[in-house]
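These notes concern the structure reproduced below.
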Amino acid sequence: MAYNVAIVGATGAVGQQMIKMLEKSSLPVKNLRLLASKRSVGKTFLFKDQSISVEETTENSFEGVDIALFSAGGKTSAKFAPYAVKAGAVVIDNTSHYRQNPDVPLIVPEVNAHALNDHHGIIACPNCSTIQMMMALEPIRQEWGLERIIVSTYQAVSGAGAQAVEEAKKQISDVINEGTAVTEVEANILPSGGDKKHYPIAFNALPQIDLFTDNDYTYEEMKMTKETKKIMEDDAIKVSATCVRVPVLTAHSESVYIETKEVADIEAVKKAISEFPGTVLEDNPAEQIYPQAITAVDKTETFVGRIRRDLDIENGIHMWVVSDNLLKGAAWNSVQIAESLHEQGLVHPTKELLFELI
């Protein structure tokens, strides 16, 4: 069986990667529909040597669509995903809008594809920084259990969108080529477009991603905390995150500290990670081999290295985790969810939650 697939937000950075990932995917695609805002109508993109024109996203865009991949912002998902479900499509949403809805599975296919059995037409793709951490930690959780996670992220500018990338490039150019002081470059987007102040990312590190919540953690940090517990189906895991934006264009890096329930042999941990689907072990300090952002770009795997026991805590382990935030962190994970639905025979129309989700 082949499917009619729609991409909502097809002209964005993640939408463009979704097109590329679908080309490489095992998912049988009969027709592809590219949807975006009105201003993008008429743009054309290639899919398997076929030129496809972008259409405006409307309530009637989903007739005949089997799978709809959403990556156009939470407001767009909130407005149009229920109409896609009503038309008979299964929605895979890459925004944060449905992630904490108890009736919506939050899926990293290598970790919890079994949770797809409970979908009611909408499936959420986790936050990019959460996905790569889950990939690194799941093989450890399966074997030794997890009690605590402390993560510090070093997140690429592309996670804030294409405009943030262009602003970062301009800031760097202004400093290097124009002699502008770093503190004087124009900044209109980061650390969060919706906040009161904006700071340069050029030659800087910003310990704020998204807005601050009432507990002084940012929404990004709370996403990692809540999503980890939901994906691993364990509210008892202690999770704390500090999320930082750094002047890297693509690929997020993370310093992850964990405490396991049972003391784990480090070599056994490395072996478990190396054998887990979708992860690549890059860990040879003697040869200076470890994951790097620049070598993870355009790759779908999650790279793990610098694995070592804590010097004071017997069940404590440190590691370094890197992945392309636009691919495994977004587009590829979404396409993998579609593949899992196909493999499990779960691509089917449903309207059970329509009126609850509108």
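In the structure shown, do any of K38/K75; K170/K223; K271/K328; K24/K48; K299/K328 have a Cα-Cα gap over 18 Å, and if so which? Could the numbers behind the result be given before it?
Details: K38/K75 15 Å; K170/K223 30 Å; K271/K328 21 Å; K24/K48 10 Å; K299/K328 8 Å.
Pairs exceeding the cut-off: K170/K223; K271/K328.
How far is it, in nm, from the label point at H114 to the one at D195 when both lie 7 Å from their Cα along the line to the Cβ?
Going by the 7 Å Cα→Cβ label model, 3.9 nm.
I need the shape label for the stretch 54-147. Rule: rounded when a/c is under 1.5, else prolate if a/b > b/c, else oblate, with a, b, c from the alpha carbon gyration tensor. Numbers along the way, then the final one.
On the way: a/c = 2.80, a/b = 2.19, b/c = 1.28.
Note, shape of the stretch 54-147 comes out prolate.
Mind telling me which of L46, L346, L27 comes out most flexible in a GNM of the chain, alpha-carbon contacts under 10 Å?
The residue with the greatest mean-square fluctuation here is L46.
Take S274 and S53, extend 7 Å from each Cα along the Cα→Cβ direction, and tell me the distance between the two endpoints in nm.
Between S274 and S53, the label points sit 5.4 nm apart.
What does DSSP give for the chain in terms of the percent of beta bridges that are antiparallel, rounded to the nearest 5?
Close to 50 percent.
Any idea what the relative contact order of the stretch 166-255 is, in percent, if you count C-alpha pairs under 8 Å spaced at least 6 apart?
Here the relative contact order equals 24 percent.
Along the charge dipole of the stretch 198-265, pointing to its positive end and built from +1/-1 on Cβ of Lys, Arg, Asp and Glu, which listed residue (T225, A236, L211) has its Cα farthest out?
L211
Would you work out which of G316, G278, G12 lies farthest towards the positive end of the dipole of the chain, given +1 charges on the beta-carbon of Lys and Arg and -1 on that of Asp and Glu, about the Cα centre?
G12
Let me check something: with ligands and nucleic acids excluded, how do R245, R308, R39 order by accessible area (1.4 Å probe), largest to smallest?
R39, R308, R245
With a cap of 10 neighbouring Cβ atoms within 10 Å, and only residues DSSP puts in a loop, list the GluC sites (Glu not before Pro) found in the stretch 127-194.
Answer by residue number: E178.
Carbon and sulfur atoms: what percent of the 1.4 Å accessible area of the stretch 1-127 do they account for? Present the calculation step by step, with values, prior to reporting the outcome.
Numbers: 2320 of 5180 Å².
The computed percentage sits at 45.
Remind me, relative contact order of the stretch 98-223 in percent, using alpha carbon pairs under 8 angstrom and six or more residues apart?
For the stretch 98-223, the relative contact order is 14 percent.
Select from S152, S26, S51 the residue whose mean-square fluctuation is largest in a Gaussian network model of the chain (Cα-Cα springs shorter than 10 Å).
So, out of S152, S26, S51, the one fluctuating most is S51.
Considering only DSSP beta bridges whose two residues both sit in the stretch 1-96, what percent are antiparallel, to the nearest 5?
Bridges in the stretch 1-96 that DSSP calls antiparallel: roughly 20 percent.
Given the options Q132, Q100, Q142, state which has the largest fluctuation in a GNM of the chain using a 10 Å cut-off (strictly under) for Cα springs.
Of Q132, Q100, Q142, the most mobile in the Gaussian network model is Q142.
Please give the per residue accessible area of the stretch 201-358, computed with a probe of 1.4 Å over protein heavy atoms only, in Å².
Accessible surface, normalised per residue, equals 47 Å².
For the stretch 211-269, give the percent of accessible area contributed by carbon and sulfur heavy atoms, probe 1.4 Å, rounded to a whole number.
Working: 1320 of 2690 Å².
On the stretch 211-269, the fraction of accessible area on carbon and sulfur atoms equals 49 percent.
For S274, what charge total do you get from the other residues with a beta carbon under 11 Å from its beta carbon, if Lys and Arg give +1 and Asp and Glu give -1?
-2
Once you sort the root eigenvalues of the Cα gyration tensor of the chain as a ≥ b ≥ c, which label holds: rounded (a/c under 1.5), prolate (a/b larger than b/c) or oblate (the other case)? Display every interim value, and only then the final one.
Details: a/c = 1.67, a/b = 1.18, b/c = 1.41.
The shape class here is oblate.
Helix-only mean residue ellipticity at 222 nm, the chain, DSSP H runs n ≥ 4 weighted -39,500 (n - 2.57), per residue, nearest 500. What is it?
One gets -8500 deg cm²/dmol as the mean residue ellipticity at 222 nm.
About the Cα centre, and with charges only on the beta carbon of Lys, Arg (+1) and Asp, Glu (-1), how big is the dipole of the chain? Nearest 20 debye, please. The partial results should precede the final answer.
Details: 33 positive and 49 negative charges, 193 e Å.
In debye, rounded to 20, the chain gives about 920.
The values are calculated or read from the model by the stated rules, or taken from the named source; none is laboratory data. Values in this document were obtained by computation on a predicted structure and should not be read as measured data. Neighbour counts are summed over all protein chains in view; Cβ atoms, including those assigned to glycine, are modelled from backbone coordinates with ideal geometry. Side chains included, ligands, DNA and RNA excluded: accessible areas come from the protein's heavy atoms. Shrake-Rupley method; radii C 1.70, N 1.55, O 1.52, S 1.80 Å.
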